Amino acid sequence: MPEENLPPSQLEGNQTPELSDSEPQPIEVMAVRQLKVLFTWKAAVRPFKKRDKEYWTTVFAILFLLVLILFFVKEWFLIAAIISLAFVYYVLSTVPPEEIEYRITNKGVAFEDKSYDWEYLWRFWFSNKYDQRLLNIDTRLNLPGRLLFVIKKEDEKQIKEILEKYLLNEEAPLTFFDKASSWLAKKVPLDLEEKEEKKDPPSGPILPTSSPT
């Protein structure tokens with residue numbers, strides 16, 4: 001009987017036949033890193049500042065003038081968009097945000113039912129808004145491009161030490177929109193507190209001026 005027709009048990013050296021491509025291959029088992037929570041804190045879901053009556057009077061006056069101008073040029077779409085954005089801004093500025101729990105783990109950051117792994121994050125820095133401390137994290141995603149977390153000032157040092165092990169500690173450069181918003185806020189302050197700060201005289205002793213002889 002030709003050798004190629006012999007059964008596998010009678011092949012030379014009792015060698016086993018090679019596995020065909022159709023037969024299943026062994027599965028490589030990857031080690032799964034166990035989730036470990038490194039730090040948690042509770043804070044508002046967004047920065048919030050209660051506005052006074054004078055602030056809203058100024059805002060609605062500016063809004064009315066802008067809508068009136070667009071009405072004469074018949075920009076109906078822009079009018080509808082501005083009114084819609086103004087309504088959303090009014091709701092967000094009058095309804096206090098809820099408090100949620102934030103988590104930093106060995107896999108990334110998380111809050112509520114959302115989580116972002118370290119591989120999708122790349123730098124962080126801290127900033128201030130409405131007398132509140134914020135943690136800013138830029139992502140490698142299109143949406144969201146940046147994450148904002150309200151933190152407590154006493155937790156900043158511990159959060160910084162943890163994040164520096166995974167992300168770059170670097171503040172993002174100001175965009176054109178950021179610069180324009182800052183310039184407009186300085187030129188047209190809507191808050192009464194900001195207006196009063198500009199009226200306050202400089203601190204320090206006032207030196208007497210000598211009159212010409």
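The values are calculated or read from the model by the stated rules, or taken from the named source; none is laboratory data. What you are looking at is a predicted structure, and each value in this text was computed from that prediction instead of being measured. Cβ coordinates were reconstructed from backbone atoms using ideal geometry, including for glycine residues, and neighbour counts include every protein chain displayed.
Every residue, every condition in (1) at pLDDT 70 or above; (2) over 12 Å from the mean Cα position of the chain (by Cα), yes or no:
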{"residue": "T105", "(1), (2)": "yes, yes"}
{"residue": "W118", "(1), (2)": "yes, yes"}
{"residue": "D131", "(1), (2)": "yes, yes"}
{"residue": "L134", "(1), (2)": "yes, no"}
{"residue": "L184", "(1), (2)": "no, yes"}
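Considering only segment 41-70, state which residues are touching an Asp or Glu at 6+ places or on another chain (Cβ under 7 Å) and within 14 Å of Y89 (Cα to Cα).
Y55, the sole residue that qualifies.
If I ask for residues that are among the polar types (S, T, N, Q) and not assigned by TED's automatic domain parsing to the domain that holds I104, which ones from segment 35-90 would you list? Quick ask: steps written out before the conclusion?
Residues of segment 35-90 that are among the polar types (S, T, N, Q), as a first pass: 40, 57-58, 84.
T57, T58, S84, listed by residue number.
Do we have any residue at all in segment 73-90 that's out of contact with any Cys (no Cβ under 7 Å at 6 or more places or on another chain) and closer than 21 Å to K42 by Cα? Quick ask: steps written out before the conclusion?
Here is the first cut: in segment 73-90, the ones out of contact with any Cys (no Cβ under 7 Å at 6 or more places or on another chain) are 73-90.
With the extra rule that they be closer than 21 Å to K42 by Cα, the set shrinks to none.
No, the conditions are met nowhere in segment 73-90.
I'm trying to understand the selection: among the residues of segment 160-176, which are of a type outside the set (S, T, N, Q), under 16 Å from the mean Cα position of the chain (by Cα) and either modelled with pLDDT under 90 or closer than 17 Å to S115 by Cβ (or both)? Steps first, please.
At the first step, the residues of segment 160-176 found to be of a type outside the set (S, T, N, Q) are 160-168, 170-174, 176.
Then keep just the ones that are under 16 Å from the mean Cα position of the chain (by Cα); that gives 160, 163, 167-168, 170-174.
Within segment 160-176, L163, L167, A172, P173, L174 qualify.
Conditions tested, residue by residue: (1) farther than 24 Å from V150 by Cα; (2) surrounded by 10 or more Cβ atoms within 10 Å (Cβ to Cβ); (3) hydroxyl-bearing (S, T, Y); (4) out of contact with any strand residue (DSSP E or B) (no Cβ under 6 Å at 6 or more places or on another chain).
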residue	(1), (2), (3), (4)
K49	no, yes, no, yes
K53	yes, no, no, yes
F60	yes, yes, no, yes
L70	yes, yes, no, yes
E75	yes, yes, no, yes
A86	no, yes, no, yes
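Please note which strands (runs of 3 or more DSSP E) are completely contained in segment 69-169 and include at least 3 residues that are touching a residue at least 60 places away in the same chain (Cβ under 8 Å). Before the answer, list the steps.
Numbers: elements: 99-105, 108-111, 114-117, 121-129, 132-139, 146-151.
Strands (runs of 3 or more DSSP E) meeting the threshold: 99-105, 146-151.
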